[in-house]
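Quick notes on the structure that follows.
Any read-out appearing in this document is the output of simple, stated calculations on the displayed coordinates, not a laboratory observation. As the structure is a prediction and not an experimental result, all values here were calculated from the model. Because the Cβ atoms are built from the backbone with ideal geometry, glycine has one as well, and the counts that use them run over all protein chains shown.
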Amino acid sequence: MEARVSQFLSDSQKPLDAKTLKEIDKLRKFLFKNQGYRFGDKEQGQLFEAVQTHASRLAASPEEAQRNAALQLVDDALKMPFNVFGTAHKKKLLNWYHKLTPDEKGGGKSTGDGEASRLHVDLIEISTSGTLTFMSADGETREVQADSLPESVDFKSVQEAFEKGMPVEAYIDPGTSAVISLEVTQQST
């Protein structure tokens, strides 16, 4: 397994060519097939570096296909369980995700006609004690206790969806970190 992971890292550092998109596709398939495997720290670091190298090189690409391939790779990496990428890796991956995603949400903070400001965040971790950790587009993290969620939120459903790798987005009050709304985002197929 270590040799294969090292190969992905070296492939990511080759000059961009026609094979680059195929290498990214192979890495995505490898991550999906091996998400149950317990990678060591060295292997996690090499996989993360391969993903980050592809993302950084393709983020400014004039070709939409290359930018989309990088976005899909980062998106898949974010969905991996913590035995593949840990919290520190996921925080950096989330930053890459927001760099690669067109700004559809108005830059994180939004104020409407008389509405209180709110901050768009993504769920990155749920602890065993029921603490939800959210991260904003600028990398700032906020922690919220499950028992302080709005009554309309079914915590168990959110937890199950998150553990299955589904993205969870929320809007929080930037001043109090109170969750205004929380939604499990359906994955596109």
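Observations
- Global form of segment 109-184, assessed from the alpha-carbon gyration tensor, a/c cut-off 1.5: prolate
- For the options V144, V74, V84, a Gaussian network treatment of the chain with springs between C-alpha atoms closer than 10 Å singles out V144 as fluctuating the most.
- Theoretical ellipticity at 222 nm over the chain - DSSP helices of four or more residues, -39500 (n - 2.57) apiece, nearest 500: -13500 deg cm²/dmol
- Amide H to amide H distances under 5 Å link A137 with no residue, where only residues 5 or more positions off or on other chains count and H is placed in the peptide plane.
- Option label - Cα Rg over 2.2 N^0.38 Å computed here, alternatives [x] 1.68; [y] 1.33; [z] 1.08: [z]
- Highest-fluctuation residue, K99, K22, K91 considered, GNM on the chain with Cα pairs under 10 Å: K22
- Other residues within the sphere of radius under 12 Å centred on the Cβ of G139, judged by their own Cβ, net out at +2 (K and R +1, D and E -1).
- GNM on the chain, alpha-carbon springs under 10 angstrom: the most fluctuating residue among L100, L71, L132 is L132.
- Cβ-based exposure ranking for R28, R38, R118, in which fewest neighbours within 10 Å come first: R38, R28, R118
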